[in-house]
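Visitor: Quick one: the structure is below, questions incoming.
The values are calculated or read from the model by the stated rules, or taken from the named source; none is laboratory data. Bear in mind the structure is a predicted one, so any value in this text is a computation, not a measurement. Neighbour counts are summed over all protein chains in view; Cβ atoms, including those assigned to glycine, are modelled from backbone coordinates with ideal geometry. All accessible areas refer to the heavy atoms of the entire protein, side chains included, with ligands and DNA or RNA removed. Shrake-Rupley method; radii C 1.70, N 1.55, O 1.52, S 1.80 Å.
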Amino acid sequence: MKLVRVCLAAVALVVSGWAMQAPAANPAATELAPQMDQIVATFRQVVVLTDGEAALDQINRDRVAIIGESLFVQNQKRITELTASLVDPAGKPDSGRIGDFLTRVETNADYRDADKLVFRDVFDELEDTVGQLPAELKKRVTDDIAALDQIQAMYQKEISTTYGQFATRAMPVHREAWDKYVAFVKSKYTREQILKDNDGLLPAAETRGAIKAKHREEIFGTEMPPKTILLTFDDGPHPKYTDQILEILKQHNIQAVFFEVGKNLGTVAENGDVKLTPTAQASYRIFAQGSALGNHSYSHPVLPKLDAAGQTQEIGETNKLLAYIEKGEPTVFRPPYGAVNDSVLNVSQGDHLKAMIWNVDSMDWADPVPNSIVQRVLTEVQKQGRGIILFHDIHKQAIAVLPQVIEALEKDGYKFASWDGAAVTTGMRGTQVASEPPPVQSPYRESWAAVIGIDDYKNWPKLRYAANDAQGIRDVLVNKYQFKPDHVFLLTNADATRQNILSLLGDKLANPDMVNKEDRVFVFFAGHGATRKLASGRELGYIIPVEADLTSYEGQAISMTNFQDIAESIPAKHVLFVMDSCYSGLALTRGGGMANSQNYLQEIARREGRQMFTAGGADQQVADGGPNGHSVFTWTVLQALDGRADLNGDGVITASELATYVAPAVSALSQQTPAFGNLPGSEGGDFIFELKHESEFLESDSKQLNDDAIHLNAEIEKLRIENQEKDRQNEQLRQELAALKSGKETVAMVTRGAPEPSGPFALNDEGMRLYKEKKYEEALAKFKEAAGLVPTNALFANNTGFAFFRLQKYDEAVEWYQKAIAADPARAIAYVNLGDALLKLQRKDDAKAAYEKYLELMPSGKSAEYVRGEVAQLTQK
């Protein structure tokens, strides 16, 4: 059988080809027909959806993009299944099925030329097997591939192949033959009906596209420096195309980010064992080439439509596979379809991932004509002047497109950026935009927490702040310490029954199928507690669930003996109980002091630990009132976890350091004596919190503490300094006494306690704490010191400027904001700050220009409404 190619008509493209006599129908052909027809039908729907999408409003463009790519992903699965069906069980080409496939492509009168391009990937796989085919089939495959090349080449000629300066690209391109094909498919489908039929694929509007609120932990293409491009590739790896893309990048000395779908890489067994697919070998070559690997979920779902457990599994499984390949933790993540909400971001941040969102979509998944893709990319880059470009390395279009895009952009003066694991690298290789250093490597596999707070007791006196205490602890665990949201179990008020509490602690967290021996478990309780004196004279402490009786509570409360049993049954390496309730009765072995050495930290991380920290001692009433809606104890714990309890400056807070910071302050400020120590089963380990550096760019909406909180923090700081001085004096006396006994001279003592922050990020952290307490002069000193150590860091420069602004030193504020913008021209909030400072100086034209620059960068940003109001007022004047 021979493929017949038909000539090109005078005006329209008529490569209708592939006319041949069909053999008699057989069952295999019947099976293939509906599968192939569905692939063609979906291809046509994608064409209808995306034709002219640039003229749509942004909301409908987002709908088209998400539904269109969803249909494309479904079609890729069908094409993969079709390709796999052309191989027999022994792994050899199935000549019968291949013949049936070729016959349907060649003879089906309903398939237009453009339709046949949807099977390019199938033919690409067949090309690798032609040596194993009978001569007749080999000839047919070769001729059909040549015909496909001719079809695509003829469509290519309809698009200008000359890509000079961008100014020439605004001219509309007339593609009569393609337009005829589009008119044909539009006679079968309408965009409105396709959108309506597939509306269920869309996530909530606020999680997608231009409507979606921008979060601090996301990296956006609109925030890139001018004339800077980052290339990214989604949905891979592919066993052939990924390597071809790497070769193109190598030729141009460019690195990119490849966002991998986990199922293409392999599987992770319940015991953690990783099994890679043969395709995963391409990821090793990506890594070796210097490009970055990113997490693109395990199965490419719309993540906001999943619950927290589903989101965690999708991101976590792929993270494990990438970590196995990289021999290190992944650092960057791209949500499928760009759809993301707070829950998804909390999960990704819990795995130390930053989300990276594109702003230039090549739509290579929708367009079968490479020149058309090139034109789309270059036009959009011209419009935005910078960006993160989205390509896909799972089909052939990107390979044809990439060299043309790179050469045109290089000719027009664009620089190509890369991702170094912590920041976007720009300019000459080896230089980078100053960014936060990689997070401290966690000593734990996973982190879990049970957080309980009860105000609305049924029989006991109601409390005011316990539920708020629980919520505050939950938030700091998720936002500051990257506990995954679905790993933090919150029980408040009516939900905090005895059964629910014991089930959570004794069933869920003690389940070895969920909690691993390399995990940590944090338990917090805020509510009533009670003490009962036993016949032996020993006292036994209880915590009181929401439904317990006021007098006969023993059978309804939970004793500290229960907690001992629970602590031993939880399989985690480290367990820490923090109890903000009246407490007594549990004999604690006092914990050891802190040490400074890294070996010490490694040792306490290795050993098992079972620890408890309580708000009060025997028969003590624990205070419920305090600042910002928290008890004194919980407020001090929250301030400690904010970073103040890092007493040796090593970037982590141990449970021992937490108690060392909190206990003396609370006992001095209230009539309660916090107790800390080990539970039975502890082997000297110490629960560890890994600090995360502050990354907030200060601005007018930045949160500060109220007067009560500031006053209490001042008291705590005063007590800390007094305690340090007492420790210093006591140590001095001990040394003098020892010297007198030995006849030696004494040596001068150095004050012990928290070291002054010295690293730039530690200095910025301290500046942020001082700023929250409205200590602007002191905050300014820390920010300036950090900026002096890293002059190119936009974060430090902006925060220095804002401290000057708060001190009403507007000239200095302007100077520092300009330094921030010079370091990071895409940092939109710095332009708002600059505009505010210039306005204070009555430099209204300059202020208006700064505000307008913000709107150019972030037209939908959280400050956009305020900025538009300022611009309107300045325009009127």
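Visitor: In terms of modelled amide H atoms, which long-range or inter-chain residues lie less than 5 Å from the amide H of Glu694?
Guide: HN-HN under 5 Å from Glu694: Asp765.
Visitor: Mean separation of Cα pairs under 8 Å and 6+ residues apart, divided by the residue count of region 768-814: what relative contact order is that in percent?
Guide: 32
Visitor: Give me the lysines in straight-line cross-link reach of Lys188: C-alpha distance below 26 Å, same-chain residues under 8 apart excluded.
Guide: Within the straight-line limit of under 26 Å, Lys188 reaches these lysines: Lys77, Lys116, Lys180, Lys196.
Visitor: Still on this structure, please answer the following. Whole-Hz ³J(HN,Hα) for each residue in region 677-686, computed from phi via Karplus 6.51 cos²θ - 1.76 cosθ + 1.60 with θ = phi - 60°, x for glycine and proline: what do you get?
Guide: 3J(HN,Hα) across region 677-686, in whole Hz: x, 9, 9, x, x, 6, 10, x, x, 9.
Visitor: Using a 10 Å cut-off on Cβ atoms, rank the peptides 291-298, 710-717 from the highest mean neighbour count down. Can you show the working numbers first?
Guide: On the way: 291-298: 24.8, 710-717: 16.6.
Ranking the peptides 291-298, 710-717 by packing returns 291-298, 710-717.
Visitor: What residues have an amide H closer than 5 Å to that of Thr654, excluding those fewer than 5 places away on the same chain, when H is modeled at 1.01 Å from N in the peptide plane?
Guide: Phe689
Visitor: Still on this structure, please answer the following. Leaving ligands, DNA and RNA out of it, work out the accessible area of Arg868 with a 1.4 Å probe and give it in Å² to the nearest 10.
Guide: 110
Visitor: Here's a follow-up. Residues of region 41-60 with the amide nitrogen closer than 19 Å to a label point 7 Å from the Cα of Asp179, along Cα-to-Cβ, please.
Guide: Residues passing the 19 Å test: 47-56.
Visitor: Right, next: Taking amide H atoms as placed 1.01 Å from N in the peptide plane, list the residues 5 or more away in sequence, or in a different chain, whose amide H sits under 5 Å from that of Val87.
Guide: Correct list: Asp94.
Visitor: For region 674-707, which GluC sites (Glu not before Pro) are in a loop by DSSP, counting at most 12 other Cβ atoms within 10 Å?
Guide: On the way: sites: Glu683, Glu690, Glu694, Glu696, Glu699; in loops: Glu683, Glu694, Glu696, Glu699.
Sites meeting the loop and neighbour criteria: Glu683.
Visitor: At a 1.4 Å probe, what is the % contribution of carbon and sulfur to the accessible area of region 777-868?
Guide: Values: 1940 of 4060 Å².
Of the solvent-accessible surface of region 777-868, carbon and sulfur hold 48 percent.
Visitor: If you average the C-alpha positions of region 824-877 and of region 336-381 separately, how far apart do those two centres end up, in angstrom?
Guide: Result: 28 Å between the Cα centres.
Visitor: OK, next. Through the Karplus equation 6.51 cos²θ - 1.76 cosθ + 1.60, θ set to phi - 60°, convert the phi angles of region 349-359 into ³J(HN,Hα) values in whole Hz; use x for Gly and Pro.
Guide: Listing the rounded values in order: 5, x, 9, 6, 10, 9, 7, 10, 10, 7, 10 Hz.
Visitor: Highest mean first, how do 256-266, 659-669, 276-286 rank when packing is the count of other Cβ atoms within 10 Å averaged over residues?
Guide: In descending order of packing, they fall as 256-266, 659-669, 276-286.
Visitor: So what does Trp365 come to for accessible area, using a 1.4 Å probe and Å² rounded to 10?
Guide: Near enough 10 Å² of accessible area.
Visitor: Right, next: With a probe of 1.4 Å, find how much accessible area region 779-846 has per residue, and write the answer as a whole number in Å². Let's see the in-between values first.
Guide: Details: 2710 Å² over 68 residues.
Per-residue value: 40 Å².
Visitor: Separate question: In Å², what does the accessible area per residue of region 272-340 work out to with a 1.4 Å probe? Don't skip to the answer; put the middle values down first.
Guide: Values: 2480 Å² over 69 residues.
For region 272-340, the per-residue accessible area is 36 Å².
Visitor: Can you sort Asp57, Asp234 by 1.4 Å-probe accessible area, starting with the largest? It would help to have the intermediate numbers written out before the result.
Guide: Working: Asp57 80, Asp234 5 Å².
From most accessible down to least: Asp57, Asp234.
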